[in-house]
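*Asks:* One structure follows; several queries about it will come next.
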Amino acid sequence: MTTFEEHVLGQEKLLEIPGFGEARGSFAWMMSGLTLAARRIEAQIRSAGLGDVYGAEGSENVQGEAQQKLDVVANDAMMECLGSREGVAALVSEEDESAVVVDGDPATGRYIFIFDPLDGSSNIDVNVNVGTIFSVHRRLAEGGLDESMLQAGTEQVMGGYVLYGPSTVLVYTAGTGVHGFTLDAASGAFVLTSEHMAMPEQGSYYSVNEANAAEWPEGFQTYVGTLRSGGLGRAYSSRYIGSLVADFHRTLLKGGVFLYPPTDKQPGGKLRLLYEANPLAFVAEQSGGMATNGVDRVLEIQPEKIHQRTAFCVGSRREMEALAAAVGGKA
Ligand code: P6P
């Protein structure tokens with residue numbers, strides 16, 4: 001039985017993660033703050049119907065979205081569990097307008113945690129899967145914390161997600177493949193259940209909110225029509241859960257494509273670059289898939305703001321190459 005923390009310790013040695021060479025295990029210990037938070041969030045979600053944690057908090061987050069009570073619970077858990085870990089310089093959350101500085105000393109504050117504490121929370125009241133998405137960057141030796149937060153996705157030390165579903169799974173990459181863990185209720189540990197996960201070259205699902213179809217750029221409309229008509233050599237089914245982590249996890253395991261194209265309402269895209277698109281793009285590429293905004297590779301987009309949005313297309317190589325051809329992107 002290999003736990004998440006033991007696996008990260010192995011990655012730490014493999015990757016010679018800077019700043020912790022001498023004190024082996026410090027990076028793994030820091031990352032154990034994530035699994036502690038995930039266990040706290042999972043417990044709240046599992047018993048949501050029994051307590052008063054369903055429904056809206058009655059407040060709005062920085063995105064102007066009604067906060068669900070569990071959004072606040074999840075954000076508090078991430079802030080408390082990660083904020084108390086040595087090595088964390090700052091925390092960036094979807095739920096908070098600005099970053100929380102934990103340790104501004106570059107000698108000890110070595111990593112920036114960027115996360116969506118509970119994505120898809122509008123689905124909670126109907127008992128649909130939700131997830132936590134996380135991205136870890138190094139604090140840059142030069143420049144301030146702001147520059148360290150706004151690094152391109154190619155610079156991520158780690159990216160991944162926790163999916164709270166029939167079982168609770170954690171999937172991550174640190175650049176040497178994608179690895180999956182399942183929460184073992186008996187021990188409370190996230191136990192390694194899939195190592196070096198590979199996204200199929202082609203799938204048979206496409207995943208997009210077709211209610212927006214009339215607002216997509218024409219190339220996307222043509223592309224989805226091609227999928228529907230068997231133009232990629234096979235019949236496709238449509239699957240759209242409306243919870244990004246769940247739609248992504250299915251795409252990772254079964255292949256196919258997930259799309260959130262630009263729309264008239266949101267020409268710059270709806271999903272967030274730093275704590276949704278970048279970590280999932282890192283996982284997708286490390287498993288053999290691809291991720292773009294329709295035109296450019298997501299991981300190469302230079303962020304300008306921590307809550308910046310992007311169009312997000314992610315999936316198997318075959319579908320993503322066909323998308324690039326249809327919308328003029330770089331495959
Ligand atoms: P729409 C959930 O609110 C979320 O941020 C993602 O989890 C999901 O993929 C997307 O929005 C769904 O958006 O506009 O299709 O309801």
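The values are calculated or read from the model by the stated rules, or taken from the named source; none is laboratory data. Remember, it's a predicted structure, so these values are computed and weren't measured experimentally. Please note: Cβ atoms are built from the backbone with ideal geometry, for glycine as well, and neighbour counts cover all protein chains shown. These area figures cover heavy atoms from the full protein model, side chains too; ligands, DNA and RNA do not enter into them. Shrake-Rupley method; radii C 1.70, N 1.55, O 1.52, S 1.80 Å.
*Asks:* Could you grab me the full set of residues in region 176-188 that are among the hydroxyl-bearing types (Ser, Thr, Tyr) and either part of a loop (DSSP other than H, G, I, E, B) or loosely packed, with under 13 Cβ neighbours inside 10 Å (or both)?
*Replies:* Those that are among the hydroxyl-bearing types (Ser, Thr, Tyr) and either part of a loop (DSSP other than H, G, I, E, B) or loosely packed, with under 13 Cβ neighbours inside 10 Å (or both): 176, 187.
*Asks:* Which one of 168, 173, 222 is modelled with pLDDT of 95 or more, open to solvent by 40 Å² or more (accessible area, probe 1.4 Å) and of a type in the set (Val, Ile, Thr)?
*Replies:* 222
*Asks:* I need the full set of residues from region 216-238 which are among the β-branched types (Val, Ile, Thr) and in contact with a Leu (Cβ under 7 Å, 6 or more places away or on another chain), in order please.
*Replies:* Residue satisfying the conditions is 226 alone.
*Asks:* Mind checking whether some residue in region 259-268 is more than 15 Å from the ligand (Cβ to nearest atom), closer than 23 Å to residue 151 by Cα and either at pLDDT 95 or above or not acidic (Asp, Glu) (or both)?
*Replies:* no
Table: residues versus (1) in contact (Cβ under 8 Å) with a residue 40 or more places away in the chain; (2) within 16 Å of the ligand (Cβ to nearest atom).
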position: 92; (1), (2): yes, no
position: 95; (1), (2): no, yes
position: 134; (1), (2): yes, yes
position: 150; (1), (2): yes, no
position: 169; (1), (2): yes, no
position: 181; (1), (2): yes, no
position: 188; (1), (2): yes, no
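*Asks:* Still on this structure: Residue 213 is checked against (1) surrounded by fewer than 20 Cβ atoms within 10 Å (Cβ to Cβ); (2) in contact (Cβ under 8 Å) with a residue 12 or more places away in the chain and fails just one. What number does that condition carry?
*Replies:* Result: residue 213 fails condition (2) only.
*Asks:* Which members of region 205-214 meet the condition of being more than 10 Å from the ligand (Cβ to nearest atom) and either outside the structural domain of residue 318 (by TED's automatic domain parsing) or under 22 Å from the mean Cα position of the chain (by Cα) (or both)?
*Replies:* 205, 206
*Asks:* Also, I was wondering about something else. With 256, 269 as the choices, which residue is on the phi > 0 side of the Ramachandran plot, in contact (Cβ under 8 Å) with a residue 24 or more places away in the chain, open to solvent by less than 70 Å² (accessible area, probe 1.4 Å) and touching a Phe, Trp or Tyr at 6+ places or on another chain (Cβ under 6 Å)?
*Replies:* None of the other options fit; the residue is 256.
*Asks:* Follow-up. Could you look through region 74-122, keep only residues that are of a type in the set (S, T, N, Q) and modelled with pLDDT of 95 or more, and pick out the one that is surrounded by the fewest Cβ atoms within 10 Å (Cβ to Cβ)?
*Replies:* Selected residue: 98.
*Asks:* Another one. Tally the residues that are at pLDDT 95 or above and not in a helix (DSSP H, G or I), restricting the search to region 296-331.
*Replies:* 18
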